[in-house]
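Remarks on the structure that follows.
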Amino acid sequence: MSQSLTLKIARIEKEAAAVRTYWFKHRLDAKPGQFVMLWIPGFDQKPISIAYADKKEFALTVSAIGPATKHLEKMKVGDVLGILGPLGTYYKIPAKKKLVCVAGGYGAAPLYFATLEALQKGCQVDFILGARTKDLLLYQNKLAKTKARVHITTNDGSKGKKGLVTDVLEQLCASKKPFEIMTCGPELMEYGVFQIAEEYKVPCQISIERYMKCGTGVCGSCSVDPQGLRMCTEGPVVDKVLAKMIYEFGKYHRDATGTKIYYKK
Ligand SMILES: Cc1cc2nc3c(=O)[nH]c(=O)nc-3n(C[C@H](O)[C@H](O)[C@H](O)COP(=O)(O)OP(=O)(O)OC[C@H]3O[C@@H](n4cnc5c(N)ncnc54)[C@H](O)[C@@H]3O)c2cc1C
């Protein structure tokens with residue numbers, strides 16, 4: 001059940017140059033893949049994936065890219081933020097299966113949370129973590145402390161294998177088909193993962209992010225073509241059968257005004 005709260009930032013961890021993890025001492029009862037609407041007083045409210053949650057605390061990992069998130073970056077321990085959540089759908093994690101997580105950018109955070117649950121359920125997890133360059137890789141240290149097999153890729157070869165996360169995914173699928181793939185990251189990366197999942201006939205769960213204003217299914221700003229599914233309530237996590245029906249997946253998204261923005265391939 002979702003809660004509407006104001007909470008003090010209990011701890012801040014620096015993950016990368018413009019990326020911070022904010023910890024809150026509160027039981028949120030969230031599942032991996034769900035998000036909160038984070039209200040940054042005086043600025044805006046933004047959807048942010050839940051990076052960790054247990055009975056005592058939860059965490060959000062935020063990349064400072066625009067006005068609201070850049071303001072958040074300046075906030076300190078003890079400052080108050082608004083939280084509405086948990087919201088949306090989540091990764092359905094089976095027990096005792098071979099899973100592959102494919103993450104890019106802050107997508108590492110919700111998939112780290114999913115990996116913890118999967119390992120607890122006795123799954124074997126291959127975690128493919130990618131970034132353009134080594135300084136942008138997130139959650140390496142956290143993942144290294146788990147029993148997941150971590151595969152790192154960078155576009156420029158500055159760390160791990162030079163290339164794309166999808167190169168490693170293709171190799172893993174070709175050597176031994178996983179039971180399921182879970183992905184979160186930039187949409188073109190997710191689309192590449194979806195295409196491999198289709199080719200190898202492996203089930204896949206994808207977090208499809210759209211511009212969200214309310215986060216609760218009222219405003220319709222995150223509706224996708226052609227069905228009008230709202231990604232804040234019928235998503236963000238969808239399986240590949242549903243993703244295939246979302247015509248705009250991998251092609252375009254809409255900005256705050258509803259204008260179509262085509263992805264540059
Ligand atoms: C379900 C969901 C979960 C998310 N989880 C996280 C997370 O864990 N960590 C994190 O750092 N960010 C996350 N985001 C993205 C985050 O909400 C945006 O980065 C944030 O809105 C940026 O706010 P801003 O005001 O700083 O910048 P803005 O001025 O709002 O945006 C800066 C740029 O990012 C683009 N943008 C903003 N939001 C989106 C979107 N949803 N889809 C496509 N483009 C967008 C804008 O068009 C603009 O180009 C998530 C988004 C969704 C929908």
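Bear in mind these aren't lab numbers, they're just calculated from the coordinates by the rules spelled out. Note that this is a predicted model, so its numbers are computed, not measured. Heads up, the Cβs are rebuilt from the backbone with ideal geometry, glycines too, and the neighbour counts pull from every protein chain shown.
The antiparallel fraction among DSSP beta bridges confined to the chain stands at about 60%.
All other residues with a Cβ under 12 Å from the Cβ of residue 44 taken together, and with Lys, Arg as +1 and Asp, Glu as -1, what is their net charge? Spelling it out: positives minus negatives among the neighbours equals +3. Based on alpha carbons, the Rg and Dmax found for the chain are 17.5, 52 Å.
A Cβ-based charge dipole, computed about the Cα centre of region 98-207 with Lys and Arg at +1 and Asp and Glu at -1, lands at about 540 debye.
From least to most packed, judged by other beta carbons within 10 angstrom and beginning with the fewest, 91, 22, 200, 191 follow the order 200, 191, 22, 91. Pairs exceeding 25 Å between alpha-carbon atoms, taken from 8/74; 46/74; 134/260; 46/76: 134/260. With Cα atoms defining each centre, region 197-246 and region 62-126 are spaced 17 Å apart in the structure. Overall, region 3-87 carries a charge dipole of about 180 debye about its Cα centre when +1 sits on the Cβ of Lys and Arg and -1 on the Cβ of Asp and Glu, all other atoms neutral. Taking a sphere under 10 Å around the Cβ of residue 251 and counting the other residues whose Cβ falls inside, with K and R at +1 and D and E at -1, yields a net charge of -1.
Straight Cα distances below 19 angstrom link residue 96 to the aspartates and glutamates 117, 126, 180, with same-chain residues fewer than 8 positions distant left out.
When +1 charges are put on Lys and Arg Cβ atoms and -1 charges on Asp and Glu Cβ atoms, the dipole computed for the chain relative to its Cα centre reaches about 620 debye.
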